[in-house]
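> Got a structure for you, questions after.
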Amino acid sequence: MSQLALAAEAAVSVRHLCFLETGRANPSRAMVLKLAEVLDVPFRDRNTLLLKAGFAPEYPESELDAPSLAAVHDALETILTQQEPFPALVMDRSWDIRHTNTAARRFFAYLQEGQARTPPGPVNVLRRMFHPDGVRAHVTNWPEVAEALVRRVRREAIGGVTDERAQRILDEVLDYPGVPTSLRSLDAAAPVLPIVPIRYVHGDRRFDYFSTVTTLGTPQDVTLQELRIECFFPMSDETRQHALRLAAPAEP
């Protein structure tokens with residue numbers, strides 16, 4: 001963004017903005033927050049900017065199960081429950097899975113039944129999709145899904161800021177056996193498809209899903225801004241019926 005464009009968006013003079021950029025003037029707390037808002041800087045990084053400018057952080061970072069976030073936690077549970085009998089999950093900025101609905105736990109357990117091992121570390125979307133002990137063997141269009149995920153990791157960061165933790169997990173999964181080296185050199189500027197189908201096969205059952213990712217619209221907490229809710233939707237009647245059968249109580 002040019003100085004002129006930023007100055008216009010922030011309603012400050014180009015001269016003052018130039019002085020701030022070159023260090024000839026120090027920004028006020030209000031100016032730091034105004035420029036961060038215009039540049040759509042994530043809350044975590046706004047706090048860092050404030051600290052470096054000599055001010056206290058503005059945005060809290062709470063544990064998801066903190067009493068102050070009880071209403072949000074209940075809302076997330078409602079969204080996940082509403083998605084039944086299809087999978088839904090809540091993940092953080094590192095793609096670690098924080099919550100799932102019953103359908104997600106049931107579906108991924110079904111895909112991995114009989115496996116002696118699971119991916120290492122915390123349950124994570126990228127590890128689950130890329131690791132040989134994850135669900136990779138059951139995804140019939142894995143190359144397409146893997147490419148879409150890599151592009152998302154590189155471009156989905158809130159505000160366009162590269163997230164170091166997400167980058168570390170991406171580097172880890174790209175080193176897994178069988179992952180094409182070509183994924184390391186994907187053009188980050190290429191358009192990302194809004195919907196990428198994920199086609200699973202296990203035994204004689206086929207599941208064709210697409211997913212949507214939702215963020216909380218007006219968060220005022222670092223933790224909440226970084227949460228993403230992913231809901232899976234069936235692309236065929238066959239998938240819908242298989243999901244209903246998985247959800248049905250086991251016969252005695």
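The values are calculated or read from the model by the stated rules, or taken from the named source; none is laboratory data. Computed from a predicted structure; not experimentally measured. Cβ atoms come from the backbone with ideal geometry, glycine included; neighbour counts cover every protein chain shown.
> Can you name every residue in segment 54-113 that is of a type in the set (Val, Ile, Thr) and in contact with a Leu (Cβ under 9 Å, 6 or more places away or on another chain)? First the steps, then the outcome.
Residues of segment 54-113 of a type in the set (Val, Ile, Thr): 72, 78-79, 81, 90, 97, 100, 102.
VAL72, VAL90, ILE97, THR100, THR102 - these are the residues of segment 54-113 that are of a type in the set (Val, Ile, Thr) and in contact with a Leu (Cβ under 9 Å, 6 or more places away or on another chain).
> Would you mention how many residues in segment 84-109 are under 18 Å from the mean Cα position of the chain (by Cα) and either more than 21 Å from PRO122 (Cα to Cα) or not β-branched (Val, Ile, Thr) (or both)?
13
> From the residues in segment 211-232 that are more than 18 Å from GLU77 (Cβ to Cβ) and crowded, with 16+ Cβ neighbours inside 10 Å, which one is modelled with the highest pLDDT?
So, considering only residues that are more than 18 Å from GLU77 (Cβ to Cβ) and crowded, with 16+ Cβ neighbours inside 10 Å, the one modelled with the highest pLDDT is SER211.
> OK, next. Among the candidates VAL41, VAL32, which residue alone is assigned to a helix (DSSP H, G or I), of a type outside the set (Lys, Arg) and out of contact with any strand residue (DSSP E or B) (no Cβ under 6 Å at 6 or more places or on another chain)? Give the steps one after another, and end with the answer.
Working: VAL41 fails: assigned to a helix (DSSP H, G or I).
Checking each option against the conditions leaves just VAL32.
> Select, from LYS52, LYS34, the only residue that is among the charged types (D, E, K, R) and surrounded by 14 or more Cβ atoms within 10 Å (Cβ to Cβ). Please lay out each step first, then the result.
On the way: LYS52 fails: surrounded by 14 or more Cβ atoms within 10 Å (Cβ to Cβ).
The match here is LYS34.
Per-residue answers, yes or no, for (1) of a type in the set (A, V, I, L, M); (2) in a loop (DSSP other than H, G, I, E, B); (3) without any contact (Cβ under 8 Å) to a residue 40 or more places away in the chain; (4) surrounded by 16 or more Cβ atoms within 10 Å (Cβ to Cβ):
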site	(1), (2), (3), (4)
GLU63	no, yes, no, no
ASP74	no, no, yes, no
GLU84	no, yes, no, no
LEU89	yes, no, no, yes
PRO120	no, yes, yes, no
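> Across segment 163-206, what is the total count of residues that are over 26 Å from PHE107 (Cβ atoms) and under 17 Å from the mean Cα position of the chain (by Cα)?
7
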